[in-house]
Amino acid sequence: MTVRTVVGRGVRLGALIGVWPAGIAGGLCLVAAVVCLTGGHDGTAWTLTSAGAFAVLGSMAVGVTVGTATGLALALAPRRLLTRAPLRGLLAALTAGLPVAALSVAALTGDGYTLVSYPPSIHFLTWSATLTIALVAAARSGDIAGCGADL
């Protein structure tokens, strides 16, 4: 199994991780832009359309980056670690989850805000998304590393 193959599988996982939030954010912004456009608010519609485009591109970029990092970590890991499903899953989960967690903390604490400044719903959404990404990466780690599916 070559490094390029494993990283390619990781990129496919990253595209899968990035496409769900991209579709949701892009769809919501597009619907809101159409509503604003029919209401005569052209400037707001343009702002929402560009925000949706940035959300889609940003989500896909983060997803592909996370997938590439996960594939690279699994490609460079020792073979004895890859043969043990719990260790391989833990490596994939940490590689995929930690950057997303750091990015979300950085996004929430920018502009002088602290994590306490936000309601619990934002924290629940952020950490549940991070946990979902980590669990998907852990579940798919066998396929990415070429060790077969974990049962």
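Does Ala45 satisfy the condition of being out of contact with any Ser or Thr (no Cβ under 6 Å at 6 or more places or on another chain), at pLDDT below 85 and aliphatic (A, V, I, L, M)? When the stated conditions are applied, Ala45 passes them.
Would you confirm whether any residue within the stretch 121-131 is in contact with a Gly (Cβ under 9 Å, 6 or more places away or on another chain) and under 18 Å from Gly8 (Cα atoms)? Step through it out loud before you land on a result.
First, the residues of the stretch 121-131 that are in contact with a Gly (Cβ under 9 Å, 6 or more places away or on another chain): 130-131.
Now drop any that are not under 18 Å from Gly8 (Cα atoms), which leaves none.
No, the stretch 121-131 has no match at all.
Of all residues in the stretch 99-117, count the ones that are touching a residue at least 12 places away in the same chain (Cβ under 8 Å) and open to solvent by less than 60 Å² (accessible area, probe 1.4 Å). Before the answer, list the steps.
Let us first name the residues in the stretch 99-117 that are touching a residue at least 12 places away in the same chain (Cβ under 8 Å), namely 99-101, 103-104, 108.
Remaining after also requiring open to solvent by less than 60 Å² (accessible area, probe 1.4 Å): 100-101, 104, 108.
The qualifying residues number 4.
Just a yes or no: is a residue in the stretch 138-149 out of contact with any Ser or Thr (no Cβ under 8 Å at 6 or more places or on another chain), β-branched (Val, Ile, Thr), under 22 Å from Ala61 (Cβ atoms) and open to solvent by less than 70 Å² (accessible area, probe 1.4 Å)? No, there is no match, as no residue in the stretch 138-149 is out of contact with any Ser or Thr (no Cβ under 8 Å at 6 or more places or on another chain), β-branched (Val, Ile, Thr), under 22 Å from Ala61 (Cβ atoms) and open to solvent by less than 70 Å² (accessible area, probe 1.4 Å). Against the test of being closer than 24 Å to Arg4 by Cβ, out of contact with any Cys (no Cβ under 9 Å at 6 or more places or on another chain), modelled with pLDDT of 85 or more and surrounded by 14 or more Cβ atoms within 10 Å (Cβ to Cβ), the options Ala134, Ala96 yield a single qualifying residue, Ala96.
Of the residues Val11, Val19, Val35, Val31, the single one that is aliphatic (A, V, I, L, M), closer than 25 Å to Ala134 by Cα and open to solvent by 60 Å² or more (accessible area, probe 1.4 Å) is Val19.
So which of Ala51, Ala61, Ala25, Ala55 ends up being part of a helix (DSSP H, G or I), farther than 22 Å from Val136 by Cα and of a type in the set (A, V, I, L, M, F, W, C)? Reasoning before the result, please.
Details: Ala61 fails: farther than 22 Å from Val136 by Cα; Ala25 fails: farther than 22 Å from Val136 by Cα; Ala55 fails: farther than 22 Å from Val136 by Cα.
Only one candidate passes the filter, namely Ala51.
Check Ala69, Ala73 and return the single one that is farther than 26 Å from Leu125 by Cα, assigned to a helix (DSSP H, G or I) and modelled with pLDDT of 85 or more.
Working: Ala69 fails: farther than 26 Å from Leu125 by Cα.
Just a single option satisfies the conditions, and that option is Ala73.
Screening Ala77, Ala73 for residues that are over 21 Å from Ala15 (Cα atoms) and surrounded by 12 or more Cβ atoms within 10 Å (Cβ to Cβ) leaves exactly one candidate, Ala77. Restricted to the stretch 118-131, and to residues there that are farther than 19 Å from Ile17 by Cα and open to solvent by 70 Å² or more (accessible area, probe 1.4 Å), the residue that is nearest to the chain's Cα centre (by Cα) is Ser121.
The values are calculated or read from the model by the stated rules, or taken from the named source; none is laboratory data. The shown structure was predicted, so the numbers you read here are calculated from the model rather than taken from an experiment. Quick reminder, even Gly has a Cβ in these numbers, built from the backbone with ideal geometry, and neighbours come from all protein chains shown. The protein model used for the area step is the full one, side chains on, heavy atoms only, and it has no ligands, DNA or RNA in it. Shrake-Rupley method; radii C 1.70, N 1.55, O 1.52, S 1.80 Å.
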